[in-house]
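Peer 1: This is the structure, below, for whatever I ask next.
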Amino acid sequence: MIGYICILLVAFFLGLDSKRINGSKSNRILYLSVVFGGMILFAVLRGYDVAIDYSNRVESMQVIFGLDFQGFLDYSREEANSQYLYTFFVWLVSRIFPFPWLINGLMDIFVLSTFAWFFYRYSKDVTMSAIMFMTFTFASCLNITRQFVAAAVLLIAFHLMIQKKPFKALIVIVIAFFIHSSAIIMLLMYVLYLFDFKLTRSRLLLLLIATAVMFVAFDLIVQLFVQLFPKYEYVFGAWATGNIGFSLIWTTFYVLLFIGVYLTTPTKIKNKIKNQKGDIELASSCLNVVGYMAYVLLSLLKVKMWFVSRLLTYFMFGYCMIIPEIMSRFNKVDKQIKSIIVFGLKVIFVLWGIITTYQDPHELLPYRFIWEYL
């Protein structure tokens, strides 16, 4: 508890002068290194019963440790459910270091480092993105680490898409699929990219309408999907049914953010940008907005089916980067007013993170160090 709050407070207080941090590459790197370095230590040093799914992951790893090569192939074919690369990684490392703590630690380092790198490259305000990641994402990635590994791999795919390298991006998406099969959903983002999708206000409204249609027709879509892929029939189980209502507070917050995006989106596509920097800026901006819209849709669909919340993992980047995106577009708003708004939001997120930690939905408490198990 104390460790988590300390990292969150460090992220907040170090980020008070966000203009100075974001205005320098070295300062951005230093800030993200300190904040995400703290998160890495928190993740790597935790014991096997810190987070709901960690102990189960350890048990499955120990099964893989005891397999010879033929046994590994049989296990992958029968149990891996298309997620062969994760199984292969665990089996390969265990040939030399058969320690669940080490393997899980390597995955934690990869996930957190990749998110930090992506924020460094494409966030308009790394201090806001880091605080939102810490508040809304960090505990989840300790709990469903394997899926976050796939999400981190997809960030690399997004980077390649932004850099206009579609074939390499497709290969990376396929790699993510073989780590966690749910990553196949990212092919929808890839299709939008292939059509050179650019956002205007009218297209943004179309996205909003599509979001509403998806919400209303969700049950029918899931039924059709299960008919095509019967192995996913388990999503109709009682355990996967949504059992929560709409949060008026967060729904209002999502709407306000959408209004901010809408007001700062051009009414028509401007002349083609000729310099590479501007083209990359436009592509990353579009990706942030689409990622945020997908995040909101899935957040609403949680009411109908809890299982959908697992897909939020792949769109967390959009949620963590949408506020900096909006604020960077409000050029006509007084800088002092923007600073006050950003400061107020950071205070709210920090307080929310502390409150959520006390509630401990991901069972991070009591925090025990790994050496207590030796």
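The values are calculated or read from the model by the stated rules, or taken from the named source; none is laboratory data. Not measured: the values here are computed from a predicted model. Methodologically, a virtual Cβ is constructed for each residue, glycine included, from the backbone with ideal geometry; neighbour enumeration extends over all protein chains shown. Remember, those area values only see protein heavy atoms, side chains included, never the ligands or the DNA or RNA. Shrake-Rupley method; radii C 1.70, N 1.55, O 1.52, S 1.80 Å.
Peer 1: Sorted by average packing, counted as other Cβ atoms within 10 angstrom per residue and highest first, what order do 351-357, 318-324 take?
Peer 2: Highest to lowest by the protection proxy: 318-324, 351-357.
Peer 1: Could you tell me how many degrees, from 0 to 90 and to the nearest 10, lie between the Cα long axis of helix 166-177 and the main elongation axis, the longest principal axis, of the Cα atoms of the chain?
Peer 2: Approximately 40 degrees, to the nearest 10.
Peer 1: Tell me the net charge near residue 328. Cut-off is 13 Å between Cβ atoms, residue 328 excluded, with +1 for each Lys or Arg and -1 for each Asp or Glu.
Peer 2: Around residue 328, the charge tally is +3.
Peer 1: Return one number: the angle in degrees, 0 to 90 and rounded to the nearest 10, between the long axis of the Cα atoms of helix 316-329 and the longest principal axis of the Cα atoms of the chain.
Peer 2: The answer is roughly 10 degrees.
Peer 1: In whole percent, and with a 1.4 Å probe on the protein chains, what portion of the accessible area of the chain is carbon and sulfur?
Peer 2: Answer for the chain is 69 percent, counting heavy atoms of protein chains only.
Peer 1: If Lys and Arg each add +1 and Asp and Glu each add -1, what is the summed charge of the other residues whose beta carbon sits under 11 Å from the beta carbon of residue 126?
Peer 2: Net of charged neighbours comes to +3.
Peer 1: For the chain, what's the relative contact order in percent, using C-alpha pairs closer than 8 Å and at least 6 residues apart?
Peer 2: 26
Peer 1: Determine the alpha carbon to alpha carbon distance for each of 164/335; 124/346; 164/268; 198/338 and list only those over 24 Å.
Peer 2: 164/335; 198/338
Peer 1: Return the single residue from 173, 249, 280 with maximal mean-square fluctuation; model: Gaussian network over the chain, springs between Cα atoms under 10 Å.
Peer 2: Looking only at 173, 249, 280, the largest GNM fluctuation is found for 249.
Peer 1: If you average the sequence gap of Cα pairs under 8 Å that are 6 or more apart and divide by the length of the stretch 77-221, what percent do you get for the contact order?
Peer 2: Relative CO of the stretch 77-221 lands at 26 percent.
Peer 1: Relative to the longest principal axis of the chain, what angle (0 to 90°, nearest 10) does the C-alpha long axis of helix 100-122 take?
Peer 2: 10
Peer 1: For the stretch 54-139, what is the charge dipole size about the Cα centre, in debye to the nearest 20, if Lys and Arg each add +1 at the Cβ and Asp and Glu each add -1 at the Cβ?
Peer 2: In total the dipole reaches around 340 debye.
Peer 1: Starting at the first residue of the stretch 45-58, write each ³J(HN,Hα) from the Karplus equation 6.51 cos²θ - 1.76 cosθ + 1.60 with θ = phi - 60°, in whole Hz, x for Gly and Pro.
Peer 2: Going residue by residue, I get 8, 6, x, 5, 9, 8, 4, 4, 9, 4, 5, 5, 5, 4 Hz, with x marking Gly and Pro.
Peer 1: Then there's this: With springs only between Cα atoms under 10 Å apart, run a GNM on the chain and tell me which of 69, 349, 177 wobbles the most.
Peer 2: Of 69, 349, 177, the most mobile in the Gaussian network model is 69.
Peer 1: Additional query: Accessible area per residue for the stretch 283-374 in Å², computed with a 1.4 Å probe and the full protein assembly in place, what is it?
Peer 2: 47
Peer 1: Which one, 358, 314, 31, has the greatest fluctuation when you compute a Gaussian network model over the chain with C-alpha springs under 10 angstrom?
Peer 2: 358
Peer 1: Do you know the relative contact order of the stretch 52-151, to the nearest whole percent, from alpha carbon pairs under 8 angstrom that are 6+ apart?
Peer 2: 32
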